[in-house]
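All remarks here apply to the structure that follows.
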Amino acid sequence: MNLEFNDHKSKAVANWLLLGVAMTVIQIALGGITRLTGSGLSITEWDVVTGSLPPMGEAQWQELFAKYKTTPQFQLLNFDFTLSNFKFIFFWEWFHRLWARSIGLVFAIGFIYFFIKQYFKPSMVKPLLILFLLGALQGAIGWIMVASGLEGDAVYVKPTRLALHFIFALGLLSYTYWFALSLKVNVIALNTVSVEAQQKFKRIRKWAWFITAILFFQLIYGALMAGHKAANVASTWPTINGQWVPEGLLGKDSFLLNAVNNTIWIHFIHRGLAYILLAVILFWSLQMTKLRGNLFWSKIKMFPLLLVGVQVLLGVLTILSSTSIVPGVWAKFEWLAQIHQLVGMLLLLSVVNIIYATKEV
């Protein structure tokens, strides 16, 4: 993506995209709240238009509650729910979907306005098409995920589909952010520094892509941790239930099934990748401190190290607090888990910053 960024029209489009980035961060956070409150299966249908409005009266509430009562989650887990309990979980799933619709509306209105005003340049057409396709795909994946919890004996959505929904959301977030950067921020002009410095920037970029690959698997395993509710499988630190390498890592299933279903394996891998990320980003950041660039580079280069440190600390505190989980109660664990997810998103965007800043111009 090689776009112009020097005029007010491009900057206006970039600000519109950054608004979308902020709204997407909130949307992913709402998804985390929906998961932590067990609200994701409270709405059993996908009504794109009429579903925007909440129930308007007692009769509508009773009708929706009756539909929820047909789900495996109610019959096997929440069979003692009252209408009041249902209203609580309904709100979070409804608000999560409403915010998704709001994002679509913001993008649609912005697109129409900028199109009429002729703010879009030919170089923006392809990225915009990709952006809208990614948004539509994410909505479809969201419903596929919800549908997985409405059949058989499922009381929650399938963890693998939750992970897919989460990682595609992060992909959409990263692409939108990159698009905005391409319109708003000038990169380090590598052709203005020495050949030796250019090579160093290229090495920094290669490391950034390597870290992104680790982050990809780490974030997937974070979603699997959430989907399997695996935090309290091992609520000890630094060991895992008193062992550095816990028993039961390799179950009876195939390697692939074990990797996505075995909660102790998921827990072990998630922790291990966190330590690897901390070490690699520390080394990487030390290399970046030796390189001088423009103001953007100076502002962003230390963010990955700061965020990964906070993220590891939050992960440890989340694990230790998992012993106090009470179903249906929002308390210390839920707050820590939610902030842990938020910082994970910011860490990813901080690495995107470095990849963008070190690209050749």
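The values are calculated or read from the model by the stated rules, or taken from the named source; none is laboratory data. Quick caveat, the model's predicted, so the values are computed rather than measured. Don't worry about glycine lacking a Cβ; one is built from the backbone with ideal geometry, like all the others, and counts go over all protein chains shown.
Go through region 81-103 and report how many residues are of a type outside the set (Phe, Trp, Tyr), over 13 Å from Gly40 (Cα atoms) and crowded, with 17+ Cβ neighbours inside 10 Å. Total meeting the criteria: 2. In region 246-257, is there at least one residue being among the aliphatic types (A, V, I, L, M) and touching a Phe, Trp or Tyr at 6+ places or on another chain (Cβ under 8 Å)? For region 246-257, residues among the aliphatic types (A, V, I, L, M) and touching a Phe, Trp or Tyr at 6+ places or on another chain (Cβ under 8 Å): present.
What's the number of the condition Phe74 fails, among (1) surrounded by fewer than 19 Cβ atoms within 10 Å (Cβ to Cβ); (2) assigned to a helix (DSSP H, G or I); (3) over 27 Å from the mean Cα position of the chain (by Cα)? If we test Phe74 against (1) surrounded by fewer than 19 Cβ atoms within 10 Å (Cβ to Cβ); (2) assigned to a helix (DSSP H, G or I); (3) over 27 Å from the mean Cα position of the chain (by Cα), just (1) comes out false. Within region 81-103, the set of residues being in contact with a helix residue (DSSP H, G or I) (Cβ under 9 Å, 6 or more places away or on another chain) and either charged (D, E, K, R) or under 14 Å from Pro55 (Cβ atoms) (or both) comprises Leu83, Phe86, Lys87, Ile89, Phe90, Glu93, Trp94, Phe95, Arg97, Leu98, Arg101. Of the helices (runs of 4 or more DSSP H) that lie entirely inside region 241-304, those containing 1 or more residues that are modelled with pLDDT of 95 or more, of a type in the set (Phe, Trp, Tyr) and buried (at least 19 other Cβ atoms within 10 Å of the Cβ) span 263-288.
Condition check ((1) of a type outside the set (Lys, Arg); (2) within 22 Å of the chain's Cα centre (by Cα)) across all residues:
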site	(1), (2)
Gly242	yes, no
Leu257	yes, no
Asn261	yes, yes
Ile264	yes, no
Arg271	no, yes
Ile281	yes, yes
Lys290	no, no
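Residue-by-condition table, conditions (1) over 24 Å from the mean Cα position of the chain (by Cα); (2) at pLDDT 95 or above:
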position	(1), (2)
Lys202	yes, no
Ala208	no, yes
Leu215	no, yes
Gln218	no, yes
Ala231	no, no
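For every residue, the table says whether it meets (1) surrounded by 13 or more Cβ atoms within 10 Å (Cβ to Cβ); (2) touching a residue at least 40 places away in the same chain (Cβ under 8 Å); (3) touching a helix residue (DSSP H, G or I) at 6+ places or on another chain (Cβ under 8 Å); (4) in a helix (DSSP H, G or I).
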site	(1), (2), (3), (4)
Leu30	yes, yes, yes, yes
Arg35	yes, yes, yes, yes
Ser39	yes, yes, yes, no
Asp47	no, no, no, no
Pro54	yes, yes, yes, no
Ala59	no, no, no, yes
Phe79	no, no, no, no
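Would you confirm whether any residue within region 105-121 is surrounded by 19 or more Cβ atoms within 10 Å (Cβ to Cβ), modelled with pLDDT of 90 or more, part of a helix (DSSP H, G or I) and of a type in the set (A, V, I, L, M)? Within region 105-121, not a single residue is surrounded by 19 or more Cβ atoms within 10 Å (Cβ to Cβ), modelled with pLDDT of 90 or more, part of a helix (DSSP H, G or I) and of a type in the set (A, V, I, L, M).
Considering every residue within region 219-239, establish whether at least one is closer than 30 Å to Asn294 by Cβ, touching a residue at least 60 places away in the same chain (Cβ under 8 Å), crowded, with 18+ Cβ neighbours inside 10 Å and touching a helix residue (DSSP H, G or I) at 6+ places or on another chain (Cβ under 8 Å). Among the residues of region 219-239, at least one is closer than 30 Å to Asn294 by Cβ, touching a residue at least 60 places away in the same chain (Cβ under 8 Å), crowded, with 18+ Cβ neighbours inside 10 Å and touching a helix residue (DSSP H, G or I) at 6+ places or on another chain (Cβ under 8 Å), which makes the answer yes.
For region 113-131, the criterion of being within 20 Å of the chain's Cα centre (by Cα) and closer than 21 Å to Leu30 by Cβ is met by at least one residue.
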